[in-house]
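Throughout, read-outs are computed from the coordinates displayed, never taken from laboratory work. If you're wondering where the values come from, they're calculated on a predicted model, not measured in any experiment. Using ideal geometry, Cβ is built from the backbone for each residue, glycine included, and neighbour counts are taken over all protein chains shown.
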Amino acid sequence: MNLVKSNKKEEFFPSLLSDFFDNNRFFGNRWLDREFNNSLPAVNIKEDGKQFEIEFAAPGFSKNDFKIDVENDVMTVSAEKKQENNEEHKHFTRKEFSYNSFSRSFTLPQSVNADKIDARYADGVLHLQVPKKEEAKALPKKQIKVE
């Protein structure tokens, strides 16, 4: 296929503008999805017979930045960090600030003991241990002898 050039000036600008503003890679849903997903920390969830282990990749926070709430079988993990730097010199003042936050919610299964959730933060990873209720824990395999 060959590119066809036109001598009409009125077609050049609408084409140029529509190419820029209609570009889905920049203004479309994929761009918004990518930006939104980058603001949420990656999460790993593991389950064994005794508990669920949840890990959040959240570098740059401190343990005091996190808030973990459980209400009506929904656990919400959120964090907020504000930082402000001021630099004053004889001829200028520079002020920089940053703000980072996220919030993720999980519906907990009925088998979870929400009163015993444990959380710790180390090396940029928030670790949650969500134990199962005693009656929900996996029982050891039992062999039944046929007589």
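Restricting S98, S111, S105 to residues that are surrounded by 10 or more Cβ atoms within 10 Å (Cβ to Cβ), over 30 Å from K137 (Cα atoms) and among the small types (G, A, S) narrows the list to S98.
Looking only at the stretch 41-65, which residues are more than 27 Å from K137 (Cβ to Cβ) and under 13 Å from the mean Cα position of the chain (by Cα)? P41, A42, A57, A58, P59 - these are the residues of the stretch 41-65 that are more than 27 Å from K137 (Cβ to Cβ) and under 13 Å from the mean Cα position of the chain (by Cα). For beta carbons closer than 8 Å, sequence separation of 6+ or different chains, a first residue in the stretch 117-139 that is surrounded by 14 or more Cβ atoms within 10 Å (Cβ to Cβ) and a second that is in a helix (DSSP H, G or I), the qualifying pairs are Y121/K63; V130/A114; P131/K116.
Conditions tested, residue by residue: (1) of a type in the set (A, V, I, L, M); (2) in contact with a Pro (Cβ under 6 Å, 6 or more places away or on another chain).
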position	(1), (2)
N100	no, no
F106	no, no
N113	no, yes
K116	no, yes
A122	yes, no
V125	yes, no
K132	no, no
A138	yes, no
K141	no, no
